[in-house]
Structures are given as C-alpha cells and as structure tokens.
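Q: Shown below is the structure under consideration.
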Amino acid sequence: AEAVDALARAAAEAEGLFALNLSSARLMRSSEKVVAEVGKLLPLTSLLFCNESELEAFCAARHRLTGQSQRESAAEIAGRLASGGLLVVTAGSATTRVYSEAQDIELAVPVEPALAHEVVDTNGAGDSFVAGWLAC
C-alpha cells in the first residue's frame, strides 16, 4: 500500500496521470483494508477502471452507496477522483461507460464484437482493455 501511495503522489507532483484498476469484485467484497486503501487513492487517481460488478462491490464495501443506480454510484466515485478524473466502467460485450463528475458527463462507448466465434475464456480481457486505453 505504501509503494502504491508513493507512486500516486509522485505522479501528482509531476503533474502526471495515475491510473488505478479495481481488478476484482471478490477482493472489494473480502478486504476492508483494500477498500480503505483504494478510497485513500481516489483523490490522486486520474483514471479509475473497473467493471460493473467491481463498481458495485466497491460501493457496497464502502457502506455508503448501496441502493443507488450505477449512474449515481459512478458520479459519486468520479467526484472523488483527481481534478478532471475519469471513471471507466466496462460491461463485457455491452456498452462501456465513462463518467466525469467535474464535467458532469456520462459517455456511452459501444463495444464491437471482437470475434465471430464463441468466446471460451475472457480472462485478461479487462487488462487488455485498460492497456489499449492507456496506449492511446
């Protein structure tokens, strides 16, 4: 946690971007310490990536945002990010949504099917999405 915090602070001091991926709904549900540490990082985070289940688990674990719509929860989280920060919420083959409370936007980004045949394993798809986003 200390190393990630130091990295986030160094990025902020250098006026760079700090990107964070919630990574695991199970982790968000099972570790109060991780949820607390992520919460501390939000004000330093320029880009926060998650999928729908990770967003829901993170919000529920923080005991504040349960019962809200995805848009309400996302706006709440986006409002805690660094100035101009974006929350990017993926939904598998469904539309990806991008939220920015600072600009009060919700951008829907359609997802084109990548393959014409049956998908066997989606492990790593989110990581590939984040890598592609960061590369642009």
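No value in this document is a laboratory result; all are computed from the given coordinates. These numbers were taken from a predicted model, which means no experiment stands behind them. Here Cβ is always computed from backbone atoms with ideal geometry, including for glycine, and neighbour counts include all displayed protein chains.
Q: To the nearest µm²/s, what D does Stokes-Einstein give for the stretch 10-50 at 4 °C and 1.567 mPa s, using the Kirkwood radius over alpha carbon pairs as Rh?
A: Numbers: Rh = 10.9 Å.
Once the numbers are plugged in, D ends up at 119 µm²/s.
Q: Apply 1/(1 + (r/R0)^6) to the Cβ-Cβ distance of Glu112 and Gln70, taking R0 = 22 Å, and write down the FRET efficiency to the nearest 0.05. Intermediate values should be presented prior to the final figure.
A: Working: r = 22 Å, r/R0 = 0.99.
The value I calculate is 0.50.
Q: Could you list the trypsin sites (Lys or Arg not before Pro) in the stretch 26-91 that lie in coil according to DSSP, counting only those with at most 12 other Cβ atoms within 10 Å of their Cβ? Write down the numbers at each step before the final one.
A: Working: sites: Arg26, Arg29, Lys33, Lys40, Arg62, Arg64, Arg71, Arg80; in loops: Arg62, Arg64, Arg80.
Those that pass, being in a loop and sparsely packed, are Arg64.
Q: While we're here: Mind pulling the per residue volume of the convex hull built on the Cα atoms of the chain? Å³ is fine. Mind showing how you got there, number by number?
A: On the way: hull volume 15.9 nm³, N = 136.
Expressed per residue, the convex hull around the Cα atoms of the chain is 117 Å³.
Q: Provide the net charge surrounding Ala8, with neighbours chosen by a C-beta distance below 12 Å and charges set as Lys +1, Arg +1, Asp -1, Glu -1. Could you put the intermediate results ahead of the total?
A: Values: positive: Arg9, Lys40; negative: Glu2, Asp5, Glu13, Glu37.
Net of charged neighbours comes to -2.
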